[in-house]
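These notes concern the structure reproduced below.
The values are calculated or read from the model by the stated rules, or taken from the named source; none is laboratory data. On a predicted model such as this, the values are computed, not experimentally measured, just so you know. Cβ placement follows ideal geometry from the backbone for every residue including glycine, while neighbour counts extend to all protein chains displayed. Just the protein is used for accessible areas: all its heavy atoms, side chains included, with ligands, DNA and RNA removed. Shrake-Rupley method; radii C 1.70, N 1.55, O 1.52, S 1.80 Å.
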Amino acid sequence: MTLKKAWLFGALVLVVVLPATGATPTSASTSCTATIPNASVPGDLLLAITGSPDHATAVGVHYIGGDGTPLVTQWTGKGWDRIKVPVTPGAVLIQFQAAATAGARTWAVGAFRNDRPEAGFVVDGRWHWTHPIDPGLEEDEFLGVAAAPDGTVWAVGKHQVGAKNEPLIERWDASGWNVVPSPTVRGSSVLNGVAVAPDGSIYAVGWSVLTGGKTVPLVERFQNNAWSAARSSGTGQLSAVALQPDGTPIAVGWETADDGDHIITMRPGGDTWDVVADASGDPGRLEAIAVGESTVAVGLRFADGIPQPLVVRLDTGWTPIDVTGEPAPDPGGDQLLGVTGELGVFRAVGVRDDGDAFASLTAAGTCTG
(Lines give C-alpha, C1' and ligand atoms only; values in the text may rest on other atoms or scores of the structure.)
Protein backbone atom coordinates (compact mmCIF):
# COMPACT_ATOMS: atom_id res chain seq x y z
CA MET A 1 0.00 0.00 0.00
CA THR A 2 1.39 3.40 -0.90
CA LEU A 3 1.68 6.42 1.31
CA LYS A 4 -0.89 9.16 0.94
CA LYS A 5 0.39 12.71 0.97
CA ALA A 6 -1.50 13.75 4.08
CA TRP A 7 0.38 11.13 6.12
CA LEU A 8 3.77 12.21 4.84
CA PHE A 9 3.41 15.85 5.76
CA GLY A 10 2.36 14.88 9.26
CA ALA A 11 5.47 12.76 9.76
CA LEU A 12 8.30 14.54 7.94
CA VAL A 13 8.23 17.95 9.53
CA LEU A 14 11.68 18.98 8.32
CA VAL A 15 11.21 18.12 4.65
CA VAL A 16 7.76 19.56 4.07
CA VAL A 17 7.83 21.89 1.05
CA LEU A 18 5.59 24.91 0.85
CA PRO A 19 4.65 26.36 -2.55
CA ALA A 20 6.66 29.43 -3.45
CA THR A 21 7.72 31.25 -6.54
CA GLY A 22 11.17 31.97 -7.88
CA ALA A 23 13.19 32.19 -11.05
CA THR A 24 14.92 29.12 -12.43
CA PRO A 25 18.73 29.19 -12.11
CA THR A 26 20.56 29.67 -15.40
CA SER A 27 24.05 29.00 -16.83
CA ALA A 28 24.09 25.30 -15.99
CA SER A 29 27.44 23.59 -15.50
CA THR A 30 28.65 21.78 -18.62
CA SER A 31 31.36 19.88 -16.70
CA CYS A 32 28.87 18.04 -14.48
CA THR A 33 26.02 15.68 -15.24
CA ALA A 34 23.20 14.30 -13.08
CA THR A 35 20.57 11.72 -13.97
CA ILE A 36 17.47 10.41 -12.23
CA PRO A 37 16.90 6.78 -13.25
CA ASN A 38 13.43 5.61 -14.16
CA ALA A 39 13.08 3.55 -11.00
CA SER A 40 11.18 4.40 -7.84
CA VAL A 41 9.86 2.37 -4.90
CA PRO A 42 6.40 3.38 -3.61
CA GLY A 43 6.37 4.05 0.11
CA ASP A 44 10.16 4.45 0.38
CA LEU A 45 11.29 7.88 1.55
CA LEU A 46 15.08 8.27 1.31
CA LEU A 47 16.21 11.08 3.62
CA ALA A 48 20.01 10.70 3.80
CA ILE A 49 22.94 8.90 2.21
CA THR A 50 26.54 8.14 3.20
CA GLY A 51 29.64 6.30 2.04
CA SER A 52 31.32 5.86 -1.30
CA PRO A 53 28.93 6.54 -4.21
CA ASP A 54 29.75 3.06 -5.57
CA HIS A 55 28.79 1.39 -2.26
CA ALA A 56 26.53 3.98 -0.66
CA THR A 57 23.98 3.41 2.08
CA ALA A 58 20.72 5.37 2.10
CA VAL A 59 18.34 5.63 5.05
CA GLY A 60 14.85 6.92 5.73
CA VAL A 61 11.45 5.37 6.35
CA HIS A 62 9.13 2.97 4.52
CA TYR A 63 5.40 3.46 4.93
CA ILE A 64 2.90 0.63 4.77
CA GLY A 65 -0.58 2.02 5.20
CA GLY A 66 -0.39 4.29 8.25
CA ASP A 67 2.66 2.65 9.84
CA GLY A 68 6.25 3.49 9.02
CA THR A 69 9.25 1.20 9.44
CA PRO A 70 12.93 2.23 9.47
CA LEU A 71 14.57 1.96 6.07
CA VAL A 72 18.22 1.13 5.34
CA THR A 73 19.28 0.19 1.81
CA GLN A 74 22.68 -0.27 0.17
CA TRP A 75 23.77 0.36 -3.41
CA THR A 76 25.32 -2.75 -4.97
CA GLY A 77 26.36 -1.22 -8.27
CA LYS A 78 23.31 -2.68 -9.99
CA GLY A 79 20.53 -1.71 -7.62
CA TRP A 80 19.49 -1.09 -4.04
CA ASP A 81 19.61 -3.98 -1.56
CA ARG A 82 17.51 -3.50 1.58
CA ILE A 83 19.00 -4.30 4.99
CA LYS A 84 16.63 -5.92 7.47
CA VAL A 85 16.10 -3.66 10.49
CA PRO A 86 14.23 -5.57 13.19
CA VAL A 87 11.90 -3.59 15.46
CA THR A 88 10.17 -4.51 18.69
CA PRO A 89 6.36 -4.56 18.95
CA GLY A 90 5.03 -1.10 19.62
CA ALA A 91 8.16 0.64 18.28
CA VAL A 92 7.54 0.36 14.55
CA LEU A 93 7.33 3.99 13.48
CA ILE A 94 11.05 4.80 13.52
CA GLN A 95 12.32 7.24 10.91
CA PHE A 96 16.02 7.66 10.12
CA GLN A 97 16.98 11.26 9.31
CA ALA A 98 20.76 11.09 8.90
CA ALA A 99 23.63 8.68 8.23
CA ALA A 100 27.41 8.58 8.57
CA THR A 101 30.24 6.16 7.82
CA ALA A 102 32.77 5.17 10.51
CA GLY A 103 35.22 2.58 9.20
CA ALA A 104 33.29 -0.64 8.54
CA ARG A 105 30.19 0.72 10.25
CA THR A 106 27.39 2.74 8.70
CA TRP A 107 25.40 4.65 11.29
CA ALA A 108 21.82 5.86 11.02
CA VAL A 109 20.01 8.11 13.49
CA GLY A 110 16.48 9.44 13.81
CA ALA A 111 13.56 9.07 16.16
CA PHE A 112 10.60 6.97 17.20
CA ARG A 113 7.48 9.06 16.47
CA ASN A 114 9.56 12.26 16.90
CA ASP A 115 9.51 11.47 20.62
CA ARG A 116 12.62 9.40 21.33
CA PRO A 117 16.10 9.44 19.73
CA GLU A 118 17.05 6.25 17.91
CA ALA A 119 20.40 5.10 16.50
CA GLY A 120 22.16 2.01 15.23
CA PHE A 121 24.63 0.76 12.66
CA VAL A 122 25.17 -1.74 9.87
CA VAL A 123 28.29 -3.91 9.78
CA ASP A 124 28.80 -6.94 7.52
CA GLY A 125 25.26 -6.56 6.22
CA ARG A 126 23.59 -6.83 9.64
CA TRP A 127 21.80 -4.17 11.67
CA HIS A 128 22.68 -3.47 15.31
CA TRP A 129 20.61 -1.18 17.55
CA THR A 130 22.21 1.04 20.17
CA HIS A 131 20.54 2.89 23.01
CA PRO A 132 20.68 6.72 22.91
CA ILE A 133 19.57 8.74 25.91
CA ASP A 134 16.03 10.10 25.80
CA PRO A 135 16.46 13.39 27.71
CA GLY A 136 12.79 14.12 28.35
CA LEU A 137 9.15 13.12 28.08
CA GLU A 138 8.36 15.45 25.17
CA GLU A 139 9.61 15.46 21.56
CA ASP A 140 13.30 14.55 21.26
CA GLU A 141 15.00 13.41 18.07
CA PHE A 142 18.28 13.10 16.19
CA LEU A 143 18.53 14.97 12.88
CA GLY A 144 22.26 14.82 12.09
CA VAL A 145 25.20 12.50 12.69
CA ALA A 146 28.96 12.43 12.06
CA ALA A 147 31.81 10.11 12.98
CA ALA A 148 35.32 10.99 14.19
CA PRO A 149 38.41 9.07 12.98
CA ASP A 150 38.62 7.23 16.33
CA GLY A 151 35.11 5.83 15.83
CA THR A 152 33.37 8.24 18.20
CA VAL A 153 29.93 9.19 16.86
CA TRP A 154 28.23 12.55 17.38
CA ALA A 155 24.47 12.95 16.93
CA VAL A 156 22.59 16.25 17.06
CA GLY A 157 18.95 17.27 16.95
CA LYS A 158 16.38 18.81 19.23
CA HIS A 159 15.06 18.42 22.75
CA GLN A 160 11.65 19.89 23.56
CA VAL A 161 11.32 21.84 26.79
CA GLY A 162 7.83 23.20 27.25
CA ALA A 163 6.81 25.26 24.23
CA LYS A 164 10.29 25.54 22.70
CA ASN A 165 13.14 23.37 21.46
CA GLU A 166 16.71 23.27 22.68
CA PRO A 167 19.70 21.75 20.84
CA LEU A 168 20.32 18.08 21.60
CA ILE A 169 23.88 16.71 21.39
CA GLU A 170 24.88 13.14 22.23
CA ARG A 171 28.16 11.24 21.86
CA TRP A 172 28.68 7.51 21.39
CA ASP A 173 31.92 5.75 22.32
CA ALA A 174 32.97 2.47 23.90
CA SER A 175 30.91 3.29 26.99
CA GLY A 176 27.70 3.89 25.01
CA TRP A 177 25.67 7.08 24.50
CA ASN A 178 25.99 10.17 26.67
CA VAL A 179 24.26 13.55 26.51
CA VAL A 180 26.80 16.35 26.06
CA PRO A 181 25.87 19.79 27.41
CA SER A 182 25.01 22.35 24.75
CA PRO A 183 25.49 26.08 25.30
CA THR A 184 22.45 28.18 26.09
CA VAL A 185 21.14 29.82 22.92
CA ARG A 186 18.31 32.24 22.31
CA GLY A 187 14.94 31.30 20.87
CA SER A 188 13.59 27.88 19.98
CA SER A 189 16.59 26.10 18.47
CA VAL A 190 17.38 22.98 16.45
CA LEU A 191 20.64 21.41 15.26
CA ASN A 192 20.25 19.66 11.91
CA GLY A 193 23.78 18.89 10.65
CA VAL A 194 27.19 18.04 12.11
CA ALA A 195 30.73 17.49 10.76
CA VAL A 196 34.10 16.54 12.28
CA ALA A 197 37.19 18.55 11.27
CA PRO A 198 40.69 17.05 10.83
CA ASP A 199 41.92 18.92 13.92
CA GLY A 200 39.25 17.28 16.07
CA SER A 201 36.92 20.27 16.15
CA ILE A 202 33.25 19.52 15.55
CA TYR A 203 30.76 21.87 13.92
CA ALA A 204 26.99 21.65 14.26
CA VAL A 205 24.51 23.85 12.40
CA GLY A 206 20.79 24.54 12.45
CA TRP A 207 18.56 27.46 13.28
CA SER A 208 16.83 29.44 16.02
CA VAL A 209 13.33 30.90 15.85
CA LEU A 210 13.26 34.17 17.78
CA THR A 211 10.41 36.15 19.28
CA GLY A 212 8.21 37.37 16.44
CA GLY A 213 9.04 34.38 14.22
CA LYS A 214 12.38 35.56 12.83
CA THR A 215 14.59 32.59 11.91
CA VAL A 216 18.38 32.95 12.18
CA PRO A 217 21.26 30.52 11.53
CA LEU A 218 22.69 28.61 14.48
CA VAL A 219 26.31 27.40 14.57
CA GLU A 220 27.99 25.57 17.45
CA ARG A 221 31.58 24.33 17.76
CA PHE A 222 33.17 21.66 19.95
CA GLN A 223 36.73 22.58 20.89
CA ASN A 224 38.86 22.04 24.01
CA ASN A 225 36.32 19.48 25.23
CA ALA A 226 33.36 21.89 25.29
CA TRP A 227 30.66 23.21 22.97
CA SER A 228 30.22 26.93 22.35
CA ALA A 229 27.86 28.97 20.19
CA ALA A 230 29.38 31.03 17.38
CA ARG A 231 28.17 34.42 16.23
CA SER A 232 26.41 34.34 12.86
CA SER A 233 25.02 36.96 10.52
CA GLY A 234 21.90 37.14 8.39
CA THR A 235 18.63 35.23 8.54
CA GLY A 236 17.48 31.77 7.49
CA GLN A 237 18.27 28.22 8.50
CA LEU A 238 21.26 25.95 7.95
CA SER A 239 20.54 22.36 7.01
CA ALA A 240 24.02 20.86 6.54
CA VAL A 241 27.73 21.43 7.13
CA ALA A 242 30.84 19.87 5.58
CA LEU A 243 34.61 20.30 5.73
CA GLN A 244 36.49 21.70 2.74
CA PRO A 245 39.85 20.25 1.65
CA ASP A 246 41.73 22.85 3.73
CA GLY A 247 39.77 21.84 6.83
CA THR A 248 37.52 24.89 7.05
CA PRO A 249 33.76 24.33 7.37
CA ILE A 250 31.07 25.38 4.91
CA ALA A 251 27.34 25.32 5.66
CA VAL A 252 24.28 25.53 3.40
CA GLY A 253 20.57 26.16 3.81
CA TRP A 254 18.02 28.74 2.80
CA GLU A 255 16.08 31.81 3.85
CA THR A 256 12.47 32.58 3.00
CA ALA A 257 11.47 35.96 1.55
CA ASP A 258 8.32 37.41 0.01
CA ASP A 259 9.39 36.14 -3.42
CA GLY A 260 10.22 32.62 -2.24
CA ASP A 261 13.17 30.68 -0.86
CA HIS A 262 16.78 31.70 -1.48
CA ILE A 263 19.94 29.66 -1.01
CA ILE A 264 22.31 30.71 1.75
CA THR A 265 25.93 29.59 2.16
CA MET A 266 27.99 30.45 5.23
CA ARG A 267 31.65 30.23 6.26
CA PRO A 268 33.49 31.42 9.36
CA GLY A 269 35.30 34.73 9.05
CA GLY A 270 37.19 35.32 12.25
CA ASP A 271 34.83 34.86 15.18
CA THR A 272 31.66 35.25 13.07
CA TRP A 273 30.00 33.04 10.49
CA ASP A 274 29.06 35.19 7.52
CA VAL A 275 26.91 34.68 4.45
CA VAL A 276 29.01 34.05 1.32
CA ALA A 277 27.54 36.63 -1.06
CA ASP A 278 28.65 34.91 -4.30
CA ALA A 279 27.09 31.61 -3.16
CA SER A 280 23.83 32.96 -1.75
CA GLY A 281 20.64 34.47 -3.11
CA ASP A 282 19.74 32.06 -5.93
CA PRO A 283 16.22 30.57 -5.79
CA GLY A 284 15.88 27.29 -3.95
CA ARG A 285 16.77 25.36 -0.85
CA LEU A 286 19.98 23.42 -0.23
CA GLU A 287 19.40 20.41 2.02
CA ALA A 288 22.74 18.57 1.90
CA ILE A 289 26.35 19.06 0.79
CA ALA A 290 29.22 16.72 -0.16
CA VAL A 291 32.84 17.83 -0.48
CA GLY A 292 35.18 15.80 -2.66
CA GLU A 293 37.05 16.52 -5.86
CA SER A 294 34.10 18.85 -6.45
CA THR A 295 31.74 20.37 -3.88
CA VAL A 296 28.16 19.43 -4.74
CA ALA A 297 24.94 20.33 -2.92
CA VAL A 298 21.37 19.17 -3.48
CA GLY A 299 17.90 20.34 -2.56
CA LEU A 300 14.92 21.72 -4.42
CA ARG A 301 13.53 24.77 -6.14
CA PHE A 302 10.02 25.62 -7.24
CA ALA A 303 8.58 25.99 -10.73
CA ASP A 304 4.96 27.15 -10.75
CA GLY A 305 4.69 26.01 -7.13
CA ILE A 306 5.94 22.46 -7.86
CA PRO A 307 9.19 21.29 -6.21
CA GLN A 308 11.92 20.36 -8.69
CA PRO A 309 15.23 18.60 -7.90
CA LEU A 310 18.16 20.97 -7.50
CA VAL A 311 21.81 19.93 -7.92
CA VAL A 312 24.55 22.56 -7.84
CA ARG A 313 28.34 22.68 -7.95
CA LEU A 314 30.42 25.21 -6.05
CA ASP A 315 32.68 27.34 -8.21
CA THR A 316 32.84 31.02 -7.26
CA GLY A 317 29.13 30.62 -6.52
CA TRP A 318 26.72 27.75 -7.00
CA THR A 319 26.43 26.62 -10.62
CA PRO A 320 23.31 24.52 -11.34
CA ILE A 321 23.73 21.08 -12.88
CA ASP A 322 21.14 19.96 -15.41
CA VAL A 323 19.24 16.96 -14.08
CA THR A 324 18.07 14.56 -16.78
CA GLY A 325 15.75 11.56 -16.52
CA GLU A 326 12.07 10.92 -16.05
CA PRO A 327 10.40 13.83 -14.21
CA ALA A 328 7.74 13.34 -11.57
CA PRO A 329 4.23 13.05 -13.04
CA ASP A 330 2.15 16.21 -13.03
CA PRO A 331 1.22 17.62 -10.52
CA GLY A 332 3.79 15.80 -8.38
CA GLY A 333 7.33 16.93 -7.64
CA ASP A 334 10.82 15.87 -6.62
CA GLN A 335 13.09 16.89 -3.77
CA LEU A 336 16.66 15.75 -3.10
CA LEU A 337 17.54 15.54 0.58
CA GLY A 338 20.92 13.82 0.82
CA VAL A 339 24.15 13.53 -1.18
CA THR A 340 27.49 11.74 -0.93
CA GLY A 341 30.48 12.02 -3.24
CA GLU A 342 34.16 11.46 -3.88
CA LEU A 343 36.61 11.66 -6.78
CA GLY A 344 34.18 13.59 -8.97
CA VAL A 345 31.32 11.08 -8.56
CA PHE A 346 28.22 11.71 -6.46
CA ARG A 347 24.97 9.99 -5.55
CA ALA A 348 21.88 11.69 -4.13
CA VAL A 349 18.57 10.55 -2.63
CA GLY A 350 15.22 12.08 -1.83
CA VAL A 351 11.47 11.82 -2.21
CA ARG A 352 9.22 11.76 -5.29
CA ASP A 353 5.58 12.84 -5.24
CA ASP A 354 3.79 10.93 -7.98
CA GLY A 355 0.53 12.81 -7.43
CA ASP A 356 -1.29 10.40 -5.10
CA ALA A 357 1.55 8.92 -3.05
CA PHE A 358 5.24 9.28 -2.27
CA ALA A 359 8.16 7.12 -3.35
CA SER A 360 11.94 7.01 -3.38
CA LEU A 361 14.04 9.30 -5.55
CA THR A 362 17.69 8.72 -6.49
CA ALA A 363 20.15 10.55 -8.72
CA ALA A 364 23.73 9.90 -9.81
CA GLY A 365 26.25 12.20 -11.42
CA THR A 366 29.84 13.09 -12.21
CA CYS A 367 31.91 16.26 -12.31
CA THR A 368 35.09 16.77 -14.32
CA GLY A 369 37.55 19.63 -14.27
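Where only protein heavy atoms count, and the probe is 1.4 Å, what is the accessible area per residue for the chain in Å²?
With the other protein chains kept in place, the chain gives 42 Å² per residue.
Express the C-alpha Rg of segment 23-168 as a ratio against the empirical globular expectation 2.2 N^0.38 Å, rounded to two decimals.
Working: Rg = 16.8 Å, N = 146, 2.2 N^0.38 = 14.6 Å.
Dividing the Cα radius of gyration by 2.2 N^0.38 Å gives 1.15.
Placing +1 on the Cβ of each Lys and Arg and -1 on the Cβ of each Asp and Glu in segment 149-213, which of Thr152, Val209, Pro183 has its Cα farthest towards the positive end of the resulting dipole?
Val209
So for the chain: antiparallel DSSP bridges make up what percent, rounded to the nearest 5?
Bridges in the chain are about 95 percent antiparallel.
Between Asp278 and Asn178, what is the label-to-label distance in nm when each label sits 7 Å out along the Cα-to-Cβ direction?
4.3 nm
Which FRET efficiency value, to the nearest 0.05, do you get for Arg82 and Ala230 by plugging their Cβ-Cβ distance into 1/(1 + (r/R0)^6) with R0 = 41 Å?
So the FRET efficiency works out to roughly 0.55.
Run the paramagnetic zone check for His128: 7 angstrom along Cα to Cβ, then residues of segment 167-210 with backbone nitrogen under 15 Å.
Once the point is set 7 Å along Cα→Cβ of His128, 172-177 turn out to lie under 15 Å by backbone N, inside segment 167-210.
Whole-Hz Karplus ³J(HN,Hα) for segment 190-198, in order, using 6.51 cos²θ - 1.76 cosθ + 1.60 and θ = phi - 60°, x for Gly and Pro?
Going residue by residue, I get 9, 9, 10, x, 8, 8, 9, 8, x Hz, with x marking Gly and Pro.
How charged is the neighbourhood of Gly151? Take every other residue with its Cβ under 10 Å from the Cβ of Gly151, and add Lys/Arg as +1 and Asp/Glu as -1.
Residues close to Gly151 contribute a combined charge of -1.
What does the charge add up to near Glu326, with Lys and Arg as +1, Asp and Glu as -1, over the other residues with Cβ less than 14 Å from its Cβ?
-3
Taking R0 as 25 Å, what's the FRET efficiency between Thr35 and Asp304 from their Cβ-Cβ distance, rounded to 0.05?
0.60
How long, wide and thick is segment 143-265, going by the Cα atoms along their three principal axes, in whole angstroms, largest first?
48, 39, 21
If the chain between Val161 and Glu293 were fully stretched, how many nm would it gain, using 0.36 nm times the residue separation less the Cα-Cα distance?
Working: separation 132, 0.36 × 132 = 47.52 nm, distance 4.19 nm.
Here the answer is 43.3 nm.
May I ask for log10 I(q)/I(0) of the chain at q = 0.11, 0.13, 0.14 Å⁻¹, from a Debye sum over the Cα atoms as equal point scatterers with solvent left out?
-0.68, -1.00, -1.19
Hey, if we sort Phe346, Phe112 by accessible area with the 1.4 Å probe, largest down, what's the order? Spell out each step's value before the answer.
Values: Phe346 5, Phe112 30 Å².
Descending order: Phe112, Phe346.
At 1.4 Å probe size, with the rest of the protein present, what percent of the exposed accessible area of the chain is carbon and sulfur atoms?
51 percent
Note down the nm distance, to one decimal, between modelled labels 7 Å out along Cα→Cβ at Ala104 and at Glu342.
Label at Ala104, label at Glu342, 1.7 nm between them.
Which order do Thr184, Thr316 take by accessible area at a 1.4 Å probe, largest first?
Thr184, Thr316
Could you tell me the accessible area of Lys158 in Å² (1.4 Å probe, neighbours in place), rounded to the nearest ten?
20 Å²
Please list Asp354, Asp322, Asp44 from largest to smallest accessible area, probe radius 1.4 Å, with all protein chains kept in place.
Largest accessible area first, the residues go Asp322, Asp354, Asp44.
Using r as the Cβ-Cβ distance of Leu137 and Ala257, and R0 as 25 Å, what FRET efficiency do you calculate, to the nearest 0.05?
Once the sixth-power term is evaluated, E becomes 0.10.
For every helix of n ≥ 4 consecutive DSSP H residues, a contribution of -39,500 (n - 2.57) applies; sum these over the chain, divide by its total residues, and give [θ] at 222 nm rounded to the nearest 500 deg cm²/dmol.
On the way: 1 runs with 7 residues, N = 369.
When only DSSP H runs of four or more count, the value is -500 deg cm²/dmol.
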